[in-house]
Amino acid sequence: MTFVGEPGGKTYGAERMWVTITELFGSTLSGRLDNVPFELHQLRVGDGVRFERSQVLDIQWNEDRERAPPSAPPYREYWDHCFVDRGVLDGEMPVYYLYRETPDDQGDDKYPDSGWRFRGDWRGVTEEEFQAWEFDYIAIGKVLNADDSWVHLIDAPIGSAFIRNDKTNEFIRCEDNE
């Protein structure tokens, strides 16, 4: 799991660390930190933490587990490109609206356009402010590093669009898209 420090470390603002899971509450998990932080000295081995299943990066199953764990999806890298609001990348806002359009033809680009477009939460923003937002054309993996709450939608087909539900924090398919 990735932990973000306040303040961050001298070299890194976040660290990936192991957690031993002790309790499950639907999509919320509780556990204790299982390794010594490299730079995030406000954390200690054994500290209790609570997090969402979507924040889990990898799992190591106990050998004495009664049932076999479900097969893990194959390892995957996310280098294909997308357009994303800079505020999402900077951690100022989560992904609020995402849609997938026909990818731009990039010729022989090693990492082609995925067709994904990500917008931050524009509610409460004036039209002028919204139009002034900067965006980046980057690898999808960078968006996932900032907000991976939408990763379960990554293989949705071209023409798909989703918006975050304010009450449940889940993404709902939009009917009026491409």
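The values are calculated or read from the model by the stated rules, or taken from the named source; none is laboratory data. Quick caveat, the model's predicted, so the values are computed rather than measured. We place every Cβ from the backbone using ideal geometry, glycine too, and count neighbours over all the protein chains shown.
Scanning the stretch 118-128 for residues that are acidic (D, E) and closer than 20 Å to I163 by Cα yields D121, E127.
Scanning the stretch 140-178 for residues that are without any contact (Cβ under 8 Å) to a residue 24 or more places away in the chain and aliphatic (A, V, I, L, M) returns a single hit, I172.
Of the set (1) in contact (Cβ under 8 Å) with a residue 12 or more places away in the chain; (2) surrounded by 12 or more Cβ atoms within 10 Å (Cβ to Cβ), all apply to L57 but (2). Filtering the stretch 132-150 to residues that are β-branched (V, I, T) and out of contact with any Ser or Thr (no Cβ under 7 Å at 6 or more places or on another chain) leaves I138, V143.
Every test in (1) among the hydrophobic types (A, V, I, L, M, F, W, C); (2) loosely packed, with under 11 Cβ neighbours inside 10 Å; (3) under 20 Å from S54 (Cβ atoms) is passed by A132 save one, and that test is (3). From the list Y111, Y75, Y97, the one residue that fits, being within 25 Å of L57 (Cα to Cα) and free of Cβ contacts under 8 Å to residues at least 12 places away in the same chain, is Y75.
Count of the stretch 81-93 residues, restricted to those that are buried (at least 19 other Cβ atoms within 10 Å of the Cβ) and either touching a Leu at 6+ places or on another chain (Cβ under 8 Å) or not hydrophobic (A, V, I, L, M, F, W, C) (or both), is 3. Scanning the stretch 130-178 for residues that are at pLDDT below 90, within 14 Å of the chain's Cα centre (by Cα), small (G, A, S) and part of a helix (DSSP H, G or I) turns up just one, A146. Residues satisfying the criterion are absent from the stretch 52-75 (criterion: among the charged types (D, E, K, R) and modelled with pLDDT of 90 or more). The number of residues in the stretch 90-129 that are small (G, A, S), modelled with pLDDT of 90 or more and in a loop (DSSP other than H, G, I, E, B) comes to 1.
Please tell me if L89 is closer than 27 Å to E6 by Cα, of a type in the set (A, V, I, L, M, F, W, C) and touching a helix residue (DSSP H, G or I) at 6+ places or on another chain (Cβ under 9 Å). For L89, the condition - closer than 27 Å to E6 by Cα, of a type in the set (A, V, I, L, M, F, W, C) and touching a helix residue (DSSP H, G or I) at 6+ places or on another chain (Cβ under 9 Å) - is met.
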